[in-house]
Amino acid sequence: MRIRKKKRQTIRALPGRVFRTKSSQVKRLSFRDAVNGQAPQKYSQKELYQFGVDLQVSHVTSQTAVSFCFNLLNIYKHQSFLKAGGVQLADGGWLVPTRDGTVGKEEFYKALCDTPGVDPKLISPQWVYNHYKWIVWKLASMESAFAESMANVCFTPEQVLLQLKFRYDVEVDHCRRSSLKKIMEKDDTPAKTVVLCVCGIQPSSGPESPCAIVWLTDGWYCIKGQLDAPLTAMLHRGHIAEGVKLMIHGAQVVGCEEACTPLEPPESLHLKICANSTRRVRWDTKLGLYKDPRPFVLPLCSLFSKGGAVGSVDMVILRIYPTQWMERKPNGGVVFRLSRAEEKEARHYNSHKQKHLEAMYAKIRAQFDKEDKERTKSKSRRQSVSHEELGRFQDGEELYEAVGDELSDVEAYLSAEQLQALCSYKRSLLEQRQAELEGRLRRAVEEAEASEGVCPRRDVVPVWRLCIMDYLYQTNSNVYQLSIWNPSAELQALLKEGCRYRTYNLTASEGRSGGGRPTVQLSATRKTMFTGLQASSHWLSAHFQPRVSVSFAELHNSDFMPLCGEVDITGCVISITDEHGSSPFLYLVDEDLNVVKVRATVSLAQCGWENLVQPHALLALSNLQVRGQCVCDPVVPVLYTGDMTELSTNPRESHLQQSLGRLRQALQDQDSFFVRAEQRLTEVLTYEEQSFSAVDPRTPQSKKSSGQELRTPQPKGSTAQELTTPHTTEQELRTPQSAKNPDQDHTKITSWFMKLQSPGLQIYKLWCSSQANHLPLFSRPLPAQTGPQRRIHGVSREALEHLDQYTVPPPLSPLNSPASSSVNKTFCPPRRSHAPCLTVPAPAPAPAPVQLEQGWRVLLNHASALRDENVRQCSTAVLLSQNGKWRRAVFLRPCTDARSREGFFPSAQK
């Protein structure tokens with residue numbers, strides 16, 4: 001009765017007790033302090049019973065809270081509400097129970113409408129039921145999680161009605177809306193930082209569903225949340241559960257373009273959140289819009305490659321690389337080029353396009369002229385026109401049809417006005433023809449560029465890459481890459497190496513694999529912003545290294561660890577290997593004759609360096625990669641070029657200019673510098689080849705082509721015959737110095753055989769004893785190894801010593817299969833189609849066979865001796881040199897062994 005009467009009255013707003021308390025200036029006790037800083041706990045049913053918590057409270061969830069009913073008989077005395085028919089609670093509302101003494105959402109709706117200051121016409125039952133649901137779930141969770149201090153204190157009918165009156169005062173009387181209501185009504189952006197609570201998890205359609213669906217609430221309303229792949233994985237692992245609070249930034253509302261009420265949202269409405277902008281927060285964090293709407297800073301090590309947008313990171317720029325140009329090919333491929341290579345490709349494309357346009361224009365022009373002639377012939381012209389009729393024509397089109405293009409014959413009979421009209425008409429015809437011709441050419445060019453024909457349009461985008469490191473989380477020393485597409489000149493002037501920046505609105509993607517696991521690569525967007533901050537000098541001294549020109553001697557240091565694994569060097573080119581190949585080598589020396597080898601991962605022409613890389617050229621190379629232990633090689637440190645490697649003869653960087661100036665001055669002060677540099681390179685390469693063959697004598701032979709030779713400037717007085725050796729490998733150098741030591745070409749059989757405990761070792765020892773006075777093992781002694789044993793090309797000396805413990809397995813029994821006639825034939829080796837590089841004299845008489853243990857023989861003879869029937873089981877043949885004479889050494893094995901042991905002896909040059 002009182003509610004129907006209030007609907008006919010004008011109700012004045014009257015704040016409730018909770019609203020007055022929160023609006024006052026009196027400092028209130030926080031909930032964390034009220035529970036003495038205790039974290040939420042999960043109690044058992046027995047413990048809850050001991051604390052006085054009703055067992056029904058522990059079973060309340062966000063789904064069952066709306067149907068929860070209080071039993072007033074367990075809370076109040078029966079006589080207290082039997083006479084009045086109900087209980088009057090705080091703020092003056094009357095709560096009338098049902099016949100069984102319970103009250104639910106309908107009874108609380110009537111009690112709220114009966115409360116003074118509440119206008120029943122401004123609220124609906126659905127509004128009260130929604131808030132009743134979240135109030136009951138909140139109070140029940142507080143009582144069950146803090147049973148020791150909150151039992152029978154917060155989860156009471158009076159507290160529920162007080163919370164309902166507070167929400168009426170806030171949302172109805174003061175027109176304040178929660179964060180989700182503003183977002184769903186399109187009055188606020190979902191990209192702001194907001195704290196939501198997981199109130200429910202929707203069952204997935206499959207066990208491997210890529211995106212899970214959860215329910216999120218701000219304490220007032222709820223919305224569906226769509227999780228990405230990393231958040232879904234966290235949900236399956238239990239890191240995200242019901243009751244967990246999430247801080248979200250950069251969310252998106254999908255599924256509904258129009259505004260809607262939160263009480264009746266469409267089924268397709270979702271709040272899309274990503275892992276890189278979502279983090280769990282403490283249990284007492286206030287729900288709703290966060291006090292700082294800006295993105296929260298995240299550590300770089302916590303980002304996910306498939307986690308979407310990144311709100312904010314605090315970073316320091318370690319390295320800035322030159323601008324690249326990315327070209328998307330019509331077939332879907334992508335090519336990255338630096339400025340020099342891009343200019344070369346653009347010139348080639350423009351030249352090809354110009355030729356294609358000229359051919360296309362000639363074809364279209366010929367076709368157009370042909371059609372024009374046919375059209376002119378089809379027009380009917382007057383057979384003859386008298387002077388009187390010609391004088392009556394004033395229109396340009398009529399005059400043109402009468403006289404045509406032969407104006408000289410009738411010009412005297414035309415007046416000035418007729419001549420002007422005729423010229424104007426002919427000019428308009430030419431303009432129409434030219435416009436039609438240009439239109440055809442334009443359409444043909446557009447069709448050619450749109451199709452994958454001979455002249456497709458280039459899709460080129462500039463990209464600027466940076467190497468960055470996390471500033472706040474110093475325990476993470478990983479280096480990450482940031483790509484900025486279409487960088488502006490202002491941005492390039494703002495960002496500097498060694499400076500700290502707070503960066504907003506980035507995107508994460510999967511980068512190149514590093515260390516066996518995928519890495520995260522960051523990219524800037526149109527909304528990305530950079531804010532400069534001051535970095536501490538202590539942090540910079542511990543983590544940052546400014547760019548310097550690294551000396552060649554420093555590369556031999558095993559403790560050398562450059563920043564980002566890259567170095568900048570300057571040097572003089574001495575030799576070029578495989579200049580026109582796909583992976584050339586450059587040998588550089590400094591003023592102290594230290595040698596460094598630079599290996600290009602692509603050809604010089606592809607990088608646009610073919611005109612810069614020349615013998616005796618002074619080069620400055622930046623961003624060379626240091627890979628593994630190759631840089632610490634005691635013979636020749638090896639550096640590799642990468643996508644960011646820049647080569648120049650006149651660098652812009654000050655440290656490279658100073659280093660290149662010192663090198664240029666040193667070359668001017670030293671006479672015969674290049675001769676001594678070539679001698680030093682020859683010595684280094686000889687020792688490097690010996691070190692390599694000591695581990696793996698089966699070194700692949702290089703093809704004797706101009707592309708595989710080392711190109712060095714030829715000194716005066718040297719001939720081509722002196723600069724050529726009989727056998728040239730990839731590590732040999734064709735210089736006059738190497739020609740003076742011909743014996744060094746015979747170091748292919750090395751001490752690797754000493755590791756074999758087999759009869760083959762005796763063969764090798766006999767051969768070495770016969771050649772001891774004629775063929776030295778090495779042209780110069782090897783330096784003593786100091787320090788720990790190093791690895792050579794992936795094989796350690798400890799591994800070789802471990803192999804000494806094992807002997808050759810016993811011979812296999814012969815197979816019981818009859819040998820075919822082709823097997824019993826005498827083996828005839830193929831004869832050379834041409835003579836070797838070195839002149840082979842006439843063969844010497846065959847020496848007597850060397851007596852070995854039973855079943856083994858060694859025969860040193862010319863190739864003609866191979867026709868002997870006793871040498872059918874020939875295993876390996878190598879050319880040996882004795883006193884300048886070439887012979888063929890044939891290693892035999894027992895005839896009882898029916899199987900071939902290929903690979904027992906290392907392969908040698910033929």
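The values are calculated or read from the model by the stated rules, or taken from the named source; none is laboratory data. Predicted model only: the values in this text are computed from it and were never measured. Here the Cβ positions follow ideal geometry from the backbone for every residue, glycine too, while neighbour counts run over all protein chains shown. When the accessible area is computed, the model is the full protein with side chains, heavy atoms only, and any ligands, DNA or RNA have been set aside. Shrake-Rupley method; radii C 1.70, N 1.55, O 1.52, S 1.80 Å.
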With the requirement that a residue be open to solvent by less than 30 Å² (accessible area, probe 1.4 Å) and more than 31 Å from the chain's Cα centre (by Cα), what does region 167-193 give you?
Arg167, Tyr168, Asp169, Val170, Glu171, Ser178, Ser179, Leu180, Ile183, Met184
Which condition from (1) open to solvent by 20 Å² or more (accessible area, probe 1.4 Å); (2) under 35 Å from the mean Cα position of the chain (by Cα) is the one that Trp283 breaks?
(2)
Which listed residue, of Gly511, Gly498, is on the phi > 0 side of the Ramachandran plot, surrounded by fewer than 18 Cβ atoms within 10 Å (Cβ to Cβ) and touching a residue at least 40 places away in the same chain (Cβ under 8 Å)
Gly498
Does region 171-222 hold any residues that are closer than 21 Å to Gly307 by Cα and of a type in the set (Val, Ile, Thr), and which are they?
Thr189, Thr193, Val194, Val195, Val198, Ile201, Ile213, Val214
Among (1) out of contact with any strand residue (DSSP E or B) (no Cβ under 6 Å at 6 or more places or on another chain); (2) over 21 Å from Pro262 (Cβ atoms); (3) at pLDDT 90 or above; (4) not aliphatic (A, V, I, L, M), the one test that Tyr129 misses:
(2)
If you scan region 197-228, which residues turn out to be closer than 20 Å to Gly255 by Cα, open to solvent by 50 Å² or more (accessible area, probe 1.4 Å) and modelled with pLDDT under 90?
Gln202, Pro203, Ser204, Ser205, Pro210, Cys211
Assess whether Glu389 counts as being modelled with pLDDT of 65 or more and part of a helix (DSSP H, G or I).
no
Return yes when Gln434 is out of contact with any Gly (no Cβ under 9 Å at 6 or more places or on another chain), open to solvent by 50 Å² or more (accessible area, probe 1.4 Å), free of Cβ contacts under 8 Å to residues at least 60 places away in the same chain and of a type in the set (S, T, N, Q) and no when it is not.
yes
Enumeration of residues in region 65-122 that are within 18 Å of Ile135 (Cα to Cα), assigned to a helix (DSSP H, G or I) and at pLDDT 90 or above
Ala65, Val66, Ser67, Lys105, Glu106, Glu107, Phe108, Tyr109, Lys110, Ala111, Leu112, Cys113
Restricting to region 474-495, and then to whatever is within 14 Å of Pro299 (Cα to Cα) and open to solvent by less than 50 Å² (accessible area, probe 1.4 Å), can you tell me which residue is modelled with the lowest pLDDT?
Asn476
Out of region 525-547, which residues are small (Gly, Ala, Ser) and in a loop (DSSP other than H, G, I, E, B)?
Ala535, Ser536
Restricting region 575-601 to residues that are modelled with pLDDT of 85 or more and β-branched (Val, Ile, Thr), the residue that is farthest from Leu667 (Cα to Cα):
Thr601
So, of the residues in region 307-350 that are open to solvent by 40 Å² or more (accessible area, probe 1.4 Å) and acidic (Asp, Glu), which turns out to be farthest from Glu653 (Cα to Cα)?
Glu345
Quick check on region 480-496. Is at least one of its residues of a type in the set (D, E, K, R), assigned to a strand (DSSP E or B) and under 24 Å from the mean Cα position of the chain (by Cα)?
no
Matching residues, region 626-640, being over 16 Å from Ser558 (Cα atoms) and either of a type in the set (Asp, Glu) or at pLDDT below 90 (or both)
none
Can you confirm whether region 442-454 contains a residue that is farther than 30 Å from Lys329 by Cβ and modelled with pLDDT of 65 or more?
no
Residue in region 652-666 that is most open to solvent (accessible area, probe 1.4 Å), counting only those that are over 20 Å from Lys597 (Cβ atoms) and either among the hydroxyl-bearing types (Ser, Thr, Tyr) or in contact (Cβ under 8 Å) with a residue 40 or more places away in the chain (or both):
Arg662
Would a scan of region 548-568 turn up a residue that is of a type in the set (D, E, K, R), on the phi < 0 side of the Ramachandran plot, surrounded by fewer than 17 Cβ atoms within 10 Å (Cβ to Cβ) and not in a strand (DSSP E or B)?
yes
